[in-house]
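Reviewing the structure listed below.
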Amino acid sequence: MKGFTKHLGIITHIKELRFKRWLNKNASEVLARVGVITGQVLLDYGCGSGTYAIPAAKLVGEKGRVYALDIDRKALERMENMAKKEGLKNIVRVDASDDKAIPLSDGTVDMILLIDVLQEIDDRESLFDEVHRILKQGGIVCVYPMHIGEEEVIRLATSRGFNLEGRKFDGHVLTFSR
């Protein structure tokens, strides 16, 4: 039985990797389907080199803004270079530190992306408290909880004042409202 369980775990991991590749390849479609629209202010938390920040900036347009936050400065430089090549001027780089605070004002963000990043965060409760603080009333948090169980994310988010709004892409992506 132990070998069978291990085999199922490997199959699940392979399926998650395939879905993650599809998600990244289709970032614009994914963002549109979770509700990114013209004029929004969006935070891509753990943006890396801009897989979602770049298409989000295109979707929110000149009247919108994307805050691209990451602790990896080299990834942020790659994201900035790509944004420059694309002619995007509505992305604001946010260099994260070990400080738990997100350097944005209360109630200023329409949508927050937490795509394959929660496993990197030790104090997830503090992160969700910060997300709640900066998100506008009625704002959306979009979570792809790769490497973490969906039920754990739902428990965490609801304990911090969020409501589960939906499960998108066969339940892989969770959306919460404030």
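The values are calculated or read from the model by the stated rules, or taken from the named source; none is laboratory data. None of these values were measured; they are calculated from a predicted model. Every residue, glycine as well, gets a Cβ built from its backbone with ideal geometry; the counts of neighbours run over all protein chains shown.
Put simply, of Ile148, Ile121, Ile91 the only residue that is in contact with a strand residue (DSSP E or B) (Cβ under 7 Å, 6 or more places away or on another chain) and not acidic (Asp, Glu) is Ile91. Counting only strands (runs of 3 or more DSSP E) wholly contained in the range 38-111, the ones carrying 1 or more residues that are farther than 27 Å from Gln137 by Cβ occupy 91-95. Residues in the range 112-130 that are out of contact with any helix residue (DSSP H, G or I) (no Cβ under 7 Å at 6 or more places or on another chain) and either assigned to a strand (DSSP E or B) or hydroxyl-bearing (Ser, Thr, Tyr) (or both): Leu113, Leu114, Ile115, Ser126.
For the subset of the range 75-114 comprising residues that are under 17 Å from the mean Cα position of the chain (by Cα) and of a type in the set (Asp, Glu), which member is farthest from Val41 (Cα to Cα)? Going through the qualifying residues, I end up with Asp95. Filtering the range 131-178 to residues that are surrounded by fewer than 20 Cβ atoms within 10 Å (Cβ to Cβ), among the aliphatic types (A, V, I, L, M) and part of a strand (DSSP E or B) leaves only Leu164. The residue of the range 139-162 that is nearest to Asn26 (Cα to Cα), among those that are among the small types (Gly, Ala, Ser) and modelled with pLDDT of 95 or more, is Gly139. For the residues Leu156, Leu174, Leu164, Leu135, the requirement of being of a type in the set (A, V, I, L, M) and touching a residue at least 40 places away in the same chain (Cβ under 8 Å) singles out Leu135. In summary, Leu23 fulfils each of the numbered conditions (1) within 15 Å of the chain's Cα centre (by Cα); (2) at pLDDT 95 or above; (3) in a helix (DSSP H, G or I); (4) not charged (D, E, K, R) with the single exception of condition (2). Within the range 110-123, is there a residue that is free of Cβ contacts under 8 Å to residues at least 12 places away in the same chain and surrounded by 14 or more Cβ atoms within 10 Å (Cβ to Cβ)? Yes, that holds for at least one residue. Can you find even one residue in the range 42-50 that is among the charged types (D, E, K, R), on the phi < 0 side of the Ramachandran plot and in contact with a Ser or Thr (Cβ under 6 Å, 6 or more places away or on another chain)? The answer is no, given that none of the residues of the range 42-50 is among the charged types (D, E, K, R), on the phi < 0 side of the Ramachandran plot and in contact with a Ser or Thr (Cβ under 6 Å, 6 or more places away or on another chain). Residues that are at positive phi and more than 12 Å from the chain's Cα centre (by Cα) are absent from the range 115-136.
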